[in-house]
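Every number here is computed from the coordinates shown, using simple stated rules; none is lab data. Just so we're clear, the structure is a prediction, and the values are computed from it rather than from any experiment. Glycine also receives a Cβ, built like all others from the backbone with ideal geometry; neighbour counts cover every protein chain displayed.
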Amino acid sequence: MLELAKEQIAMDQVAADKAEALRLLADRLVADGLVAEGYLEGLQAREAQGSTFLGQGIAIPHGTPQTRDLVFATGVRLLQFPQGVDWGDGQIVYLAIGIAARSDEHLRLLQLLTRALGETDLAEALRRATSAEALLKLLQGAPQALALDAQLVGLAVAADDFDELAWRGARLLQRADCVDSGFAAVLQQAEPLPLGEGLWWLNSERQVRQPGLAFVTPQQPLRYRDQPLNGLFCLASLGAAHQALLERLCEVLIEGRGQMLYQATSSRTVLEVLGGEVPADWPSARVTLANPHGLHARPAKELAQLAKGFEGEIRLRLVDSAQPAVSVKSLSKLLSLGARRGQVLELIAEPAIAADALPVLLAAIEQGLGEEVEPLSATPEPAPEVSVPEVRLEAPIAGSRLQGVAASPGIVCGPAHVQAERKIDYPLRGESLQHERAQLSQALAVVISELQLLVQRSDKAIGEIFVTHQEMLADPALTDDVEQRLRQGESAAAAWMAVIEAAARQQESLNDTLLAERAADLRDIGRRVLAQLCGIEEHAAPQEPYVLVMAEVGPSDVARLDPSRVAGIVTAHGGATAHSAIVARALGIPAVVGLGEGVLLLEPGTPLLLDGQRGHLSVAPAEQDIQRALAERDKREQRLQAAWTHRLEPAVTRDGHAVEVFANIGESTGIAKVVDQGAEGVGLLRTELIFMAHPQAPDVATQEAEYRRVLDGLDGRPLVVRTLDVGGDKPLPYWPIATEENPFLGVRGVRLTLQRPQVMEDQLRALLLAADDRPLRIMFPMVGQVHEWREARAMVERLRKEIPVSDLQLGIMVEVPSAALLAPRLAREVDFFSIGTNDLTQYTLAIDRGHPSLSAQADGLHPAVLQLIDMTVRAAHAEGKWVGVCGELAADPQAVAVLLGLDVDELSVSARSIAEVKALVRETDQQQARALAREALLQDSAEAVRTLVENN
Ligand code: PEP
Ligand code: MG
């Protein structure tokens, strides 16, 4: 990363000419260990190709691709030449910035410098500077311009009150890189200012990186301090950057045009009213930048020169960036974009010159602005130097049997219905405005009527989703934006997809689970319309129950799944704890996951036989195989029916050993049903799901009511509650948590709650208050260190003095290998362990449980995981403590006997699996299971353990 610091600056240097200046720079870079000897040749060669003079007395010498290997570390060194050095063509350099970089990191430097380059008399100031500090200040330049563009406008956002709306605004500013993650909290402390007409203003200078203004309006009418709350401006304030905007806003309000802001249905309207960065209706054109090192000084200079040949305003912006459009005639502004190869540029010109200027500039950019350019491929380019061997994918052949991960038990047979996203090509430019408009409205009409059919065919809950889709298609904000693009000459498909993608991204940027799902829905209907526009037929689902084949079944697909039509699920990616598997089990649909990309190439309608217990998928199987499998299915169904009959009885092995079978739950309602499904208690209450069901952190009283409802429903049966397990990849929408590069190894679970003791204390207080004399067990997630457990326990012990409870046990989840390895020590202090095999497997095998291709191998029956379970159980029993298993492994029919053999005392599974798990316990002989478990521990792999169990 290139940053400027005073230590890099050497003041008062003297060089007779450019060659000597380069030599001095190279010596400095070598002496500081940034480059090897010989880099000087690179600097010289680069100057020979073209001067690195940037303007304003600054040059930025750097090496060539041939000398990249001589770079040890990225960095810069700055030499001040107060007497000036002639850099050729009479250009005098007072500051030479030597760059050591392997690729195009110098673009970042150019971005840093561009503010300074906008100053008029910088060269003279650089010459006169007498200290490194002063020079650095000059380079940091004038105040930045206020960021305000479409990404900073959020219209009709879901918010229940002022605070939530302010949080949305802060999120937009954070996404636009204007502020740090703490800004939301800072903003909550600022004093809101009513502007009239229900518009409010909030601002803060703290945690601001660059000035920016966000504007958000609530979905439904809100009030705040007895006044309407129609819209909120959130300012990330830095210097006087917002002055001009504030003046414009005052004018708008004085003229009584405030409603134009809060009634706006598109961000464009807001920006137009505020005089933001979008020139209304100016023609524009897009082009993908192909220059290998992006828009660096040389090509940018070329572009600016060319633009200066046209009398009028021309701007340029990066399509996927929050930065406002800049003048193409300003070299420094162009450099400030930091445009890279592959990024899409949009040129916007004032109407009088657009027809002449845009084609010329577009062609010049396409031709490389004086540099040789390799054409861009349609797909993202693979990173250089990483060669990926080409794997030819083929559909599995008829008669083959594939082994995947057994995700949800059951045997089914049906035709394949493959739902794989196909790449759809479409033209970027349209034929004529009328033609493109007509095409789009025809496609929209077809999709809306298809949705109408789906509404009629579906039950209420699913039908509502399709009604929402219809509403999305009719949303004026979308259609306005599309119309703008059509007017600029885009094809209907290109305009439609660009608007859908922008809207989806905006939803996602709000970091709200529901809105993120809405983003998936938007993309889904976006594709439907695109398929219509391009005349691509989506394969209709077979009439008879079918086997759904997908890459992965995500949360938004769940709503569309109709269990009466989907007989089975097959996925290319995922493992037993992946979404698809959990969804399938919850819906009771047999599933095999992680079968590889080949299944996506199956011909629609191919007969498939799926065994969700063994993880087998047979492609176009022989008739006798189908018959055999179906006979086995019938036998299993009879067994399940028998199991259901006995679901309320205890689970006791053939040789008289009782095992408790509990339920995993995530909400406080429906406990009566869980008990009726055979639960002898709740073995895992995932309280984060309760938190997620509230729009803001539930207070003590709200939580107490939730926990009380569960305890009441359990009617004296034990409740094992897990304290909040969020953070990392599981953020709460209303809790700003810093993004982490490696969230599974970051601040999550108990690590997070110990950092926020008030949250933990509120939760514990609510639990103790709800307990009365009922059996309450509290456990802490993700404990990996003894002190974490002790700190958490101390908090409970302190509260317990205040709120006495009679039947309380404290324990930890064992889901980090270190907890299992420290089990002998921890067992002395805890009352129980509950093994979370989902995470324990992921951390033991170093496989992300949601990894698209690897998670299939994250199998909890791996002998390494079994060893850790064995250690945990032995340690606990030695101290007279009990052990439960609450991960997905506990419900795996092939795992039950092994877990019993490892002497686990309790199994906690989803309510749907309870009857079957109890029946499996009753079929087991504890002594035989122990022998089986010992043998399992000696195996090499999870597959070997499964084979062992199968043959047992
Ligand atoms: C586990 O990790 O096994 C577990 C039960 O916790 P969760 O799946 O909620 O992370
Ligand atoms: Mg876990």
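If you fit an axis through the alpha-carbon atoms of helix 757-771 and take the longest principal axis of the Cα set of the chain, what angle between them do you get, 0 to 90°, nearest 10?
20 degrees
May I have the pair-distance distribution P(r) for the stretch 705-773, computed from all Cα-Cα distances with 5 Å bins from 0 and rounded to whole percent?
Result returned by the calculation: 3, 15, 23, 18, 15, 13, 8, 4, 1.
Report the calculated FRET efficiency for Ala10 and Ala846 (r = Cβ-Cβ distance, R0 = 41 Å), to the nearest 0.05.
Calculated transfer efficiency: 0.30.
Full-extension gain between Ile92 and Asp772, please, as 0.36 nm times their residue separation minus the C-alpha to C-alpha distance.
Residue separation times 0.36 nm, minus the Cα-Cα distance, leaves 236.5 nm.
Under the √(5λ) rule applied to the eigenvalues of the Cα gyration tensor, what semi-axes describe the equivalent ellipsoid of the chain? Give them in Å, descending.
Over the Cα atoms of the chain, the ellipsoid semi-axes are 56, 34, 31 Å.
Rounded to the nearest 0.05, what FRET efficiency do Phe744 and Tyr426 give with R0 = 30 Å and r taken as the Cβ-Cβ distance? Could you check?
Values: r = 38 Å, r/R0 = 1.27.
Working from the Cβ atoms, E equals 0.20.
What's the Cα-based Rg to Rh of the stretch 1-85, Rh via Kirkwood? Intermediate values should be presented prior to the final figure.
On the way: Rg = 12.2 Å, Rh = 13.2 Å.
Rg/Rh: 0.93.
Starting at 0 and stepping by 10 Å, how many percent of the alpha carbon pairs of the stretch 6-140 end up in each bin?
13, 48, 35, 4
DSSP beta bridges in the stretch 646-950, what fraction antiparallel, as a percent rounded to 5? Show your work: numbers first, answer last.
Values: 4 of 34 bridges.
Among the beta bridges of the stretch 646-950, antiparallel pairing accounts for roughly 10 percent.
Take every Cα-Cα pair in the stretch 646-950 and report what % of them are more than 28 Å apart.
36 percent
What distance in nm separates the two pseudo spin-label positions at Asn951 and Lys137, each 7 Å out from Cα along the beta-carbon direction?
The two pseudo-label positions are separated by 8.0 nm.
Suppose R0 equals 41 Å; then what is the FRET efficiency for Glu20 and Glu311 from their Cβ-Cβ distance, rounded to the nearest 0.05?
Plugging the Cβ-Cβ distance into 1/(1 + (r/R0)^6) gives 0.45.
Counting helices only, and only those DSSP H runs with n ≥ 4, report the 222 nm mean residue ellipticity of the chain as the sum of -39,500 (n - 2.57) divided by its residues, in deg cm²/dmol to the nearest 500.
-12500 deg cm²/dmol
What do you get for the angle between helix 914-923 and the principal long axis of the chain? Use alpha-carbon atoms, 0 to 90 degrees, nearest ten.
Helix 914-923 sits at roughly 50 degrees to that axis.
For the pair Thr468/Ala622, report the inter-label distance in nm, with labels modelled 7 Å from Cα in the Cβ direction.
4.9 nm
Pulled fully out, how much extra length does the chain show between Ala395 and Gln452, if you take 0.36 nm times their separation in residues and subtract their Cα-Cα distance?
Working: separation 57, 0.36 × 57 = 20.52 nm, distance 3.45 nm.
Length gained between Ala395 and Gln452: 17.1 nm.
In whole Hz, with x marking every Gly and Pro, tabulate ³J(HN,Hα) for the stretch 292-307 from phi via Karplus 6.51 cos²θ - 1.76 cosθ + 1.60, θ = phi - 60°.
x, 10, x, 8, 8, 3, 5, x, 5, 4, 4, 5, 4, 4, 4, 5
For Ser408, what residues show an amide H to amide H distance below 5 Å, using hydrogens built from the backbone and excluding near sequence neighbours?
Long-range HN contacts for Ser408: Ala591.
Need one number: nm distance between label points at Leu193 and Thr702, each 7 Å from Cα along Cα→Cβ, rounded to one decimal.
Going by the 7 Å Cα→Cβ label model, 3.1 nm.
Taking the highest mean first, how do the peptides 763-770, 253-260, 132-139 order by number of other beta carbon atoms within 10 angstrom per residue?
Those peptides, ordered most packed to least, come out 763-770, 132-139, 253-260.
With the cut-off at 22 Å, tell me which of the pairs Lys137/Lys308; Lys673/Lys918; Lys137/Lys333; Lys730/Lys881; Lys635/Lys918 have Cα atoms farther apart than that. Please report the intermediate quantities before stating the final value.
Numbers: Lys137/Lys308 30 Å; Lys673/Lys918 17 Å; Lys137/Lys333 19 Å; Lys730/Lys881 31 Å; Lys635/Lys918 17 Å.
Long pairs (Cα-Cα over 22 Å): Lys137/Lys308; Lys730/Lys881.
Rounded to the nearest 5, what is the percent of antiparallel bridges among the DSSP beta bridges in the chain?
Roughly 50 percent of the DSSP beta bridges within the chain come out antiparallel.
Under 11 Å from the 7 Å Cα→Cβ point of Ala878, by amide nitrogen: which residues of the stretch 807-826?
Output list for this probe position: 822-826.
If the convex hull of the alpha-carbon atoms of the stretch 284-366 is projected onto planes in all directions, what is the mean projected area in square nanometres?
Answer in nm², one decimal: 4.5.
What is the distance in Å between the Cα centres of the stretch 120-176 and the stretch 782-859?
Result: 43 Å between the Cα centres.
Could you sort the peptides 656-664, 358-366 by per-residue average Cβ neighbour count (10 Å cutoff), highest mean leading?
656-664, 358-366
If you wrap a convex hull around the Cα atoms of the stretch 150-274, how much volume per residue is inside, in Å³?
91 Å³
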